[in-house]
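Just so it is clear, none of the values below were taken in a lab; they were calculated from the coordinates. Values in this document were obtained by computation on a predicted structure and should not be read as measured data. All Cβ positions, glycine included, derive from the backbone under ideal geometry; neighbour counts span all protein chains shown.
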Amino acid sequence: MKEEEWNYLIKTQKDMEGVVASILMERGYKAKPRPYGFKGIVLACAEERDLRDIPEIEKAIKIDFLVRSELEEILSLGYEISKRIKDGETFAVRTKRRGKHDFTSIELNTRLGSLIREISGAEVNLENPDKTVLVEIIGETSVISIQEGHIGYKKNKGKMVRDLLSRTTVIQVPYLGPLDASKTMGVRIGRSAQAFEIKNLIISPWREVRAEELCTFIEGLLEGIRSRYEIQKRTYGREPHRVSVTLRDLYQLIREIWSMN
């Protein structure tokens with residue numbers, strides 16, 4: 001694996017890494033899902049703006065340094081890392097280790113933290129640091145990212161979230177106007193709805209609309225759902241749910257919902 005190829009470490013829910021990699025490659029970027037066999041991560045060379053609209057991405061970590069997973073090689077970056085910490089700032093080192101190595105996460109945190117402190121004179125603050133030196137060890141490759149403030153890890157809710165989304169219905173007022181804009185918004189909304197695999201998407205106009213604009217929006221919506229669904233079928237280890245799309249007048253729909261309560 002060539003270290004210079006990657007500028008982002010992307011974290012996804014388990015089994016979503018293939019979807020993210022497929023989307024990025026369709027956009028012309030390099031992406032490697034499950035590096036060294038580790039699930040839930042993707043190494044990518046991409047622009048930040050093209051990561052923002054991919055809902056399967058839970059966290060995108062900008063890579064500052066990428067080296068082999070050897071203790072001395074990581075420690076050799078101590079001077080370069082120290083230059084990123086300003087006078088008067090505090091810092092903490094956090095390590096996430098995947099795979100087997102001849103050192104522990106605690107050992108790396110301690111030795112790298114001591115080295116940075118010795119070089120920069122900065123103080124360690126584990127509770128509320130100004131900078132966090134994040135070390136993500138992925139088999140034979142290690143990613144180092146220097147980030148502002150404290151970094152916390154989100155707990156993966158897994159199947160519980162999918163079960164909730166599979167019972168969720170979303171009501172969407174159609175985006176109307178110039179036909180190219182209506183189509184583009186329809187595609188984006190359709191992709192997002194299918195990415196979360198919600199139960200149903202109800203398109204609800206609330207006033208008289210031009211048929212051509214509504215038709216174009218719905219065409220884009222169905223195109224977005226179809227394109228994301230095809231990616232899911234190729235990459236998921238299970239059969240994905242295809243989002244159902246229906247059309248209802250918004251006021252009639254609200255009256256019906258109220259009558260049920």
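Proximity of backbone amide H atoms, modeled 1.01 Å from N, is registered between M16 and G40 at under 5 Å, excluding neighbours fewer than 5 places apart on the same chain. Relative to the longest principal axis of the Cα atoms of the chain, the long axis of helix 17-26 makes an angle of roughly 80 degrees.
Relative to the current alpha-carbon distance between M25 and E48, full extension at 0.36 nm per residue lengthens the span by 6.8 nm. Each residue of the stretch 124-131 was assigned a 3J(HN,Hα) from its phi angle through the Karplus expression (A = 6.51, B = -1.76, C = 1.60, θ = phi - 60°), giving 7, 9, 6, 8, 9, x, 6, 10 Hz with x at Gly and Pro. Assuming charge only on the beta carbon of Lys and Arg (+1) and of Asp and Glu (-1), the dipole of the chain about its Cα centre is about 1000 debye to the nearest 20. Relative contact order of the stretch 159-259, taken over Cα pairs closer than 8 Å and 6 or more residues apart, is 34 percent.
For G78, the shell of other residues with beta-carbons less than 15 Å away shows a net charge of -2, using +1 for Lys and Arg and -1 for Asp and Glu. Across the stretch 159-259, the convex hull enclosing all Cα atoms gives 87 Å³ per residue. Computed from backbone phi, the HN-Hα couplings of the stretch 204-211 come to 10, x, 10, 8, 5, 10, 6, 4 Hz, rounded to whole numbers (Karplus: 6.51 cos²θ - 1.76 cosθ + 1.60, θ = phi - 60°; Gly and Pro given as x).
Taking 22 Å as the limit for the C-alpha separation, the pairs K14/K183; K32/K183; K30/K199; K11/K100; K14/K131 exceed it in the case of K14/K183; K32/K183; K30/K199; K14/K131. Applied to the stretch 164-174, the Karplus parametrisation 6.51 cos²θ - 1.76 cosθ + 1.60 on θ = phi - 60° returns per-residue 3J(HN,Hα) values of 5, 5, 5, 10, 9, 10, 10, 9, 10, 6, x Hz, with x for Gly and Pro. Size check on the stretch 3-148: the Cα extents along the three principal axes, sorted descending, read 46, 32, 27 Å. Shown here: the chain, whose C-alpha atoms stretch 69, 37, 36 Å along the first, second and third principal axes, sorted largest to smallest. Annotation for the stretch 125-145 versus the stretch 1-51: alpha-carbon center distance of 19 Å. Amide hydrogen proximity for K30: with H placed 1.01 Å from N in the peptide plane, the residues at 5 or more positions away or on another chain lying under 5 Å are C45.
Label positions at K233 and A181, each projected 7 Å from the Cα along the C-beta direction, are separated by 3.4 nm.
Counting only DSSP beta bridges whose two residues both lie in the chain, roughly 60 percent are antiparallel. If R0 equals 25 Å, the separation of the Cβ atoms of D15 and L164 corresponds to a calculated FRET efficiency of about 0.90.
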